[in-house]
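Novice: Questions regarding the structure given below will be posed in turn.
The values are calculated or read from the model by the stated rules, or taken from the named source; none is laboratory data. These numbers come from a predicted model, not from an experiment. Every residue, glycine among them, receives a Cβ derived from its backbone with ideal geometry; neighbour counts consider all protein chains shown. When the accessible area is computed, the model is the full protein with side chains, heavy atoms only, and any ligands, DNA or RNA have been set aside. Shrake-Rupley method; radii C 1.70, N 1.55, O 1.52, S 1.80 Å.
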Amino acid sequence: MKSDVFYFSFKKNKKSVLQYIDALYDNSKLKVNKKNALIAVKLHMGEIGNTSFIKPLFVKKIIENLKKDGLKPFLTDTTTLYIGQRSNAVDYLNAAVYNGFGYESIGCPIIISDGLRSQNGKTVETKFSSNFQIIKYASDIAHSDGVVVLSHVKGHVVAGYGGALKNIAMGMATRSTKQQMHGDVKPQIKTEKCSGCGTCVAYCPGKAITIKDGKAVFNLNHCIGCADCITVCTTGCLKVLKNESSEKFLEKMGDVIYAIVNDFKKPMTFFNFVMDVTPDCDCLDYSRYPIVPDIGILASYDPVAIDKASIDLIKSEPYYFNQDQNDFELAVDQDKFCKKNGNVNYDRLLKYCENLGVGSTEYNLVELTY
Ligand code: SF4
Ligand code: SF4
């Protein structure tokens, strides 16, 4: 069955974007009847240095709408697997304030929902999965009465793209489950292209890389599969080892998504912000040139449908060629994420989630035209 995806296009707006966010909210309200319900608003608040995450003002608008409906929202995210400014709750809260997310700017508290060092996870058995026996996701999300998932749609070096589905899988899981998802992802180097700059060494949380004779050398026994080295290397000499590892990664994400959605069982709604569509995710400490023009904002109760609609809209836009980033040209309708991120077959995640019953790849795009 087709799911409704509500859509506002930046190209056609005749009012403030904030008014369209109100309209999207009205069409995709969280269906919570409990008075004073505690609502988790899940958002990647951006690494320090990154500038493409969702604007605090847009988040504030969602929070205002939730409060108007008598709900008690809190903004939330989980700590990261990789070394950065968000790998524990204290650093994350400092980074959030630096990036403009504070009570005074968004109008609600911020809670890092997996605890100080990701020790607070709800364990879920995953008998349906051949990849996991259990997974863990953030306790404070599990104990909330409903979730609003706000996703900045962009590329991702291993998953191909990041939207609502990735925001559930990687965004709600504890670090131990994030680690399990990343377990099969390993980098492969084209040594002749390596400049020996050492950037990857500084970013590697596993201390798996050394520079020998002016080239990076990997000890994959120490590699935790975070793919940070691939993301930060600007020469293009690193890619994910074998395509199967990214396929397995997508399958594992699908299992985690199903486990979380199936366990949570309370209302969820999704907003995708298709703007500043960078080739990489917001975990990077800088934002690269976007690959397409800003498109719009989407809302739906179905995380599969909203991601499929976002991807289709991106495919239909002209590609921004960037000569300064060793780029190649792509035509309108060519798959930009796939080409940018090593031909990752990210449709696999959509189909996998659809087969598990998480949502539908078929959708009605309902455009807000006023
Ligand atoms: S970042 Fe890339 S070019 Fe620099 S040392 Fe690492 S692999 Fe080589
Ligand atoms: S080698 Fe690369 S993928 Fe492995 S842990 Fe280090 S940065 Fe992460």
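Novice: Take segment 184-206 and flag every residue that is hydrophobic (A, V, I, L, M, F, W, C), within 21 Å of Thr79 (Cβ to Cβ) and within 8 Å of ligand 2 (Cβ to nearest atom).
Specialist: Hits for segment 184-206 are Val185, Cys204.
Novice: Now, a different point. Can you tell me how many residues in segment 207-238 are in contact (Cβ under 8 Å) with a residue 40 or more places away in the chain and within 11 Å of ligand 2 (Cβ to nearest atom)?
Specialist: Residues in segment 207-238 being in contact (Cβ under 8 Å) with a residue 40 or more places away in the chain and within 11 Å of ligand 2 (Cβ to nearest atom): 10 in total.
Novice: Which of the following residues is surrounded by fewer than 17 Cβ atoms within 10 Å (Cβ to Cβ), at pLDDT below 70 and not in a loop (DSSP other than H, G, I, E, B): Asp333, Asp324?
Specialist: Exactly one residue qualifies, and that residue is Asp324.
Novice: Within the bounds of segment 259-281, is there any residue that is within 16 Å of ligand 2 (Cβ to nearest atom), of a type outside the set (Gly, Ala, Ser) and closer than 26 Å to Gln180 by Cα?
Specialist: Yes, segment 259-281 has at least one match.
Novice: Quick check on segment 273-301: of everything there that is in contact with a helix residue (DSSP H, G or I) (Cβ under 9 Å, 6 or more places away or on another chain) and under 30 Å from Glu125 (Cβ atoms), which residue is most open to solvent (accessible area, probe 1.4 Å)?
Specialist: Across segment 273-301, the extreme among qualifying residues is Cys283.
Novice: In this structure, is Phe53 touching a Pro at 6+ places or on another chain (Cβ under 7 Å) and at pLDDT 95 or above?
Specialist: Criteria not met by Phe53.
Novice: Would you please name the residue that is farthest from ligand 1 (Cβ to nearest atom), looking only at residues in segment 148-170 that are assigned to a helix (DSSP H, G or I) and out of contact with any Asp or Glu (no Cβ under 7 Å at 6 or more places or on another chain)?
Specialist: Top of the filtered list is Ile168.
Novice: Moving on to the next point. Mind listing just one residue for me: the one in segment 178-206 that is without any contact (Cβ under 8 Å) to a residue 60 or more places away in the chain and assigned to a helix (DSSP H, G or I) and, of those, least open to solvent (accessible area, probe 1.4 Å)?
Specialist: Checked segment 178-206; the qualifying residue least open to solvent (accessible area, probe 1.4 Å) is Cys200.
Novice: Tell me which residues, restricted to segment 207-230, are at pLDDT below 90 and either at positive phi or assigned to a helix (DSSP H, G or I) (or both).
Specialist: If the condition is that a residue be at pLDDT below 90 and either at positive phi or assigned to a helix (DSSP H, G or I) (or both), then Gly225, Ala227, Asp228, Cys229, Ile230 are the ones that fit.
Novice: Pull up segment 231-246, narrow it to residues that are within 9 Å of ligand 1 (Cβ to nearest atom) and under 21 Å from the mean Cα position of the chain (by Cα), then point me to the one that is modelled with the highest pLDDT.
Specialist: Among them, the one singled out is Cys233.
Novice: Which residue pairs have Cβ atoms closer than 7 Å, lie 6 or more positions apart in sequence or on different chains, and pair a first residue in segment 49-65 that is farther than 18 Å from Phe270 by Cβ with a second residue that is among the charged types (D, E, K, R) and open to solvent by 10 Å² or more (accessible area, probe 1.4 Å)?
Specialist: Gly49/Asp285; Asn50/Asp285; Ser52/Lys154; Ser52/Asp276
Novice: Taking the residues in segment 239-258 that are within 11 Å of ligand 2 (Cβ to nearest atom) and open to solvent by less than 30 Å² (accessible area, probe 1.4 Å) as candidates, determine which candidate is nearest to Gly155 (Cα to Cα).
Specialist: The extreme case among them is Val240.
Novice: Further, regarding this structure: Has segment 282-290 got at least one residue that is away from ligand 2 (no atom under 16 Å from the Cβ) and in contact with a strand residue (DSSP E or B) (Cβ under 7 Å, 6 or more places away or on another chain)?
Specialist: The answer is yes, given that some residue of segment 282-290 is away from ligand 2 (no atom under 16 Å from the Cβ) and in contact with a strand residue (DSSP E or B) (Cβ under 7 Å, 6 or more places away or on another chain).
Novice: Checking the structure you have, find out if any residue of segment 88-104 is within 24 Å of Val232 (Cβ to Cβ) and at pLDDT below 95.
Specialist: Yes - at least one qualifying residue is present in segment 88-104.
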